[in-house]
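I have placed the structure first, in the form of structure tokens, so that the comments after it can refer back to it.
The values are calculated or read from the model by the stated rules, or taken from the named source; none is laboratory data. Note that this is a predicted model, so its numbers are computed, not measured. For neighbour counting, all protein chains shown are included, and Cβ atoms are generated from backbone atoms with ideal geometry for every residue, glycine included. With ligands, DNA and RNA removed, areas are computed over all heavy atoms of the protein, side chains included. Shrake-Rupley method; radii C 1.70, N 1.55, O 1.52, S 1.80 Å.
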Amino acid sequence: MSKVKLLNVMTPQGFSGELSKGSQFSFAYESADAPREVSLVMPYDPTPSVSNVLHPIFDMNVPEGFLADQIKRRMAKHMQVDEMRLLSVIGGNQIGRLTYQNPIEALVSVRAQVGLQEILSADASQGVFEFLVDTYFESGISGVQPKVLVPDLDKLTGHRKTMLSSDLIVKSGADEYAHLAQNEFLCLEAARLAGLETPPFWLSENGDLFVMERFDLTASGRLGFEDMAVLLGLNKDPHDNYKYSQSYETLAAVIGQVCRHGDPVRELERFFSSVCLSVMVRNGDAHLKNFGVIYTHPDALETVQLAPVFDVTTTTVYENYNPKSGRSLVDRTLAIKMNKVKNYPDRQQLIEFGRKHCAVDRPALIIECIAEAMTQALAANRNRVDGELFTYMQREWDAGRMAALNDTVVSGLRRKPVGKTDS
């Protein structure tokens, strides 16, 4: 099959323009209509935007990690699977408001075959997840963790079994990260109990699958979503270093700027709460792609707000293999810098960050609220989480809470981690 050289980029507000690939990538707007613009940071320009690399807003939609590997494994024998092909394959089945249409290949709707209740049932094991991957591998979602976008059959009635996009994100664990679905469930439970905005989420009865509703789909249509890498104009690099660049102070400044037409004070407080949660549960993977904004369309700037909390796990219960040292170690650093370093902040540093960069009047109250929610989440879910993982997470959470609630830094507790990374 020949290369994909041209894609029509569609929005819920209409046809936006053409994305093409020759010696370079080029995007040309078809209309000056502001609601059809593709990004908050890519306004209408009558001159085509030409780049050696794919524009960040489109790059964000290119599947990577587990799903990209699944697509390539199935299709590489028959065609060249590059960024344009991947966008053509996912069409509109990805996070955000953009849809990619190949003018010479028909767009295939997604057919619902499994409902949420079946996914969550005790019989929903790894075999069910493998079926979902085989059926819905042509969806756009990033990350190393095995995950797939799935339409919920339970929501559809009568003969309506197809849609252009899926409404559930279904995640499985990975061999090197034991009980990862349970880990994420417990962290999101703490967020929910603390009053942080989260999408609806569930843990399957056997604890193997974590399921979350997409936050970019509403009854009135698809919302725009842009992660911090897009808002900062950053492109992918071969080693994913771009996700771990910048600082939380920079992200706070970006949120204040892009949300200035709405309620920036509220959004910055929400951002501070999210950062506090990651610090206190010891989530060392709160990188640029795990924060973003949602909005109706680029001409409705008053609708721009911080996206709900997602992709939070206690990473310090797992070891990571370091090829330079040849050793497996626990990474006890932040994903990006705060106060010019990646060390976990102590109480005073966290409070100063909240006041100075997020304009939060009483940051200590937010810290105390999250700490109490973590206690409640542990108490309510002991029977839903593997015993060994629960013990390790409780120890890490105790250390995180103590550091945030007191003026001393508690060092990590020595113990054998839950899982080990092979690569």
Item to complete: Return the sequence-ordered ³J(HN,Hα) values of region 339-350 in whole Hz as given by the Karplus equation 6.51 cos²θ - 1.76 cosθ + 1.60 applied to θ = phi - 60°, using x for Gly and Pro.
Response: 6, 6, 9, 9, 5, 4, x, 8, 4, 5, 5, 5
Worksheet item: So which of Lys21/Lys155; Lys155/Lys243; Lys21/Lys236; Lys147/Lys340 end up more than 29 Å apart by C-alpha?
Response: Lys21/Lys155; Lys155/Lys243; Lys147/Lys340
Response to the item:
Binned at 10 Å from zero, the C-alpha pair distances of region 6-101 give percents of 16, 49, 28, 7, 0
Response to the item:
Between Gly92 and residues 5 or more places away or on another chain, the pairs with built amide H atoms under 5 Å apart involve Tyr100
Worksheet item: Helix 264-280 sits at what angle to the longest principal axis of the chain, using alpha carbons and giving 0 to 90 degrees rounded to 10?
Response: 60
Discussion item. What are the ³J(HN,Hα) couplings of region 210-227, residue after residue, when phi is run through the Karplus curve with 6.51, -1.76, 1.60 and θ = phi - 60°? Round to Hz, x for glycine and proline.
Written reply: 10, 10, 9, 6, 5, 8, 9, 10, 10, 4, 8, x, 7, 8, x, 9, 9, 7
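If we sort 31-40, 18-27 on the protection proxy, mean other Cβ atoms within 10 Å, highest first, what's the order?
On the way: 31-40: 18.2, 18-27: 16.1.
With the highest mean Cβ count within 10 Å placed first, the list reads 31-40, 18-27.
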Practice prompt. Mind sorting out which of (1) 0.96; (2) 1.01; (3) 1.06 is the real Rg/Rh (Cα atoms, Kirkwood Rh) computed from the coordinates?
Written response: (1)
Worksheet item: Over all Cα pairs of region 271-367, how is the pair count split among 10 Å bins, expressed in % and running from 0 up to the last occupied bin?
Response: 14, 38, 31, 14, 3, 0
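At a 1.4 Å probe radius, which order do Cys369, Cys259 fall into by accessible area, largest first?
Cys369, Cys259
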Worksheet item: Along the positive direction of the dipole of the chain (beta-carbon charges: Lys, Arg +1; Asp, Glu -1; about the Cα centre), which of His297, Gly140, Ser51 reaches farthest?
Response: Ser51
Response to the item:
Ordered by number, the trypsin sites (Lys or Arg not before Pro) in region 335-415 that occupy a DSSP loop and have at most 14 other Cβ atoms within 10 Å are Lys340, Arg414, Arg415
Worksheet item: In sequence order, what are the phi-derived ³J(HN,Hα) couplings for region 243-257 according to the Karplus relation 6.51 cos²θ - 1.76 cosθ + 1.60 with θ = phi - 60°, rounded to whole Hz, with x for glycine and proline?
Response: 5, 10, 8, 6, 8, 5, 5, 5, 5, 4, 5, 5, 4, x, 6
